[in-house]
1. Quick one: compute the contact order of the range 31-210, relative version, from alpha carbon pairs under 8 angstrom and 6+ residues apart, as a percent.
2. Work out Dmax and Rg for the range 20-136 from the C-alpha atoms and quote the Rg first, both in angstrom.
3. State the percentage of accessible surface on the range 31-210 attributable to carbon and sulfur atoms; use a 1.4 Å probe and exclude ligands, DNA and RNA.
4. Going through the cross-link list Lys122/Lys201; Lys102/Lys151; Lys90/Lys201; Lys85/Lys194; Lys90/Lys194; Lys85/Lys122, which pairs have a Cα-Cα distance over 28 Å in this structure?
5. Kindly report, to the nearest 10 Å², the accessible surface of Glu97 as traced by a 1.4 Å probe over protein heavy atoms only.
6. Charges on Cβ only, +1 for Lys and Arg, -1 for Asp and Glu, centred on the Cα centroid of the range 31-210; of Ser55, Pro105, Leu91, which one is farthest towards the dipole's positive end?
7. Largest first, what is the accessible-area ranking of Ser47, Ser56 with a 1.4 Å probe?
8. With every atom except the alpha carbons ignored, what do you get for Rg and Dmax of the range 89-216, in angstroms?
Amino acid sequence: MRATRKKTEKTAGGQILAEGEMSGVGYLDGQLLIAMPVMDDERFARSVIYLCAHSSEGAMGIIVNRPAGSIDFPQLLVQLDIINKADQIKLPGSAEEMKVLKGGPVDTGRGFVLHSSDFFIKDATLPIDDGICLTATLDILKAIAAGAGPKHAILALGYAGWAPGQLENEIQHNGWLHCPADPDLIFGPDAEDKYQRALEKIGIDLAMLSNEAGHA
């Protein structure tokens, strides 16, 4: 069984995790975190986070519903010297439509690509769960620019990180809900609607939840 293996590996977020721990009972890697309406940390208010790793060593995830504003993927490829400015018009449709998100407040100058498991780079891609992988090297951006990348992908700048026991404590204090991951919630284009849709996925009405939180 996978849960009995203790091979350690380094995640894209830089944390050392035991592979057995990542799938241990009670750990939420591969699931979605949904911020409660009472979340008072503006960095995570109304956020939906895909948890890439969760163990006794801490947790690491990517916010999947917060666009990075004016940052455009083709322009980013030019800034990283992956393509020349003149080559922007030659990019495949998948690259032109690639979503750039604010993945979290940690390491915001670094890009993390969440993607479908039809793309894999040895020693660089971290398989997570249910056909979802994480790659944090320029090679995947080059592949996307060349039309050879994964079928589904989003680029996140930065990530969300928790110290050992921190996420568990926040969940116990009603900071987060969680549910199984949904590829459409991860890769879908409608970032602004993902929060409400994530709540609906677990049968929760946002208006009712907000009222209950206000009278808690």
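The values are calculated or read from the model by the stated rules, or taken from the named source; none is laboratory data. These numbers come from a predicted model, not from an experiment. Heads up, the Cβs are rebuilt from the backbone with ideal geometry, glycines too, and the neighbour counts pull from every protein chain shown. SASA here: full protein model, heavy atoms, side chains in, ligands and nucleic acids out. Shrake-Rupley method; radii C 1.70, N 1.55, O 1.52, S 1.80 Å.
1. Worked out over the range 31-210, it gives 30 percent.
2. Radius of gyration, then largest Cα-Cα span, for the range 20-136: 16.1, 51 Å.
3. 49 percent
4. Lys122/Lys201; Lys90/Lys201; Lys85/Lys194; Lys90/Lys194; Lys85/Lys122
5. Rounded to the nearest 10, that gives 130 Å².
6. The residue sitting farthest along the positive end of the dipole is Leu91.
7. Working: Ser47 0, Ser56 55 Å².
The most accessible residue leads, giving Ser56, Ser47.
8. 17.0, 55
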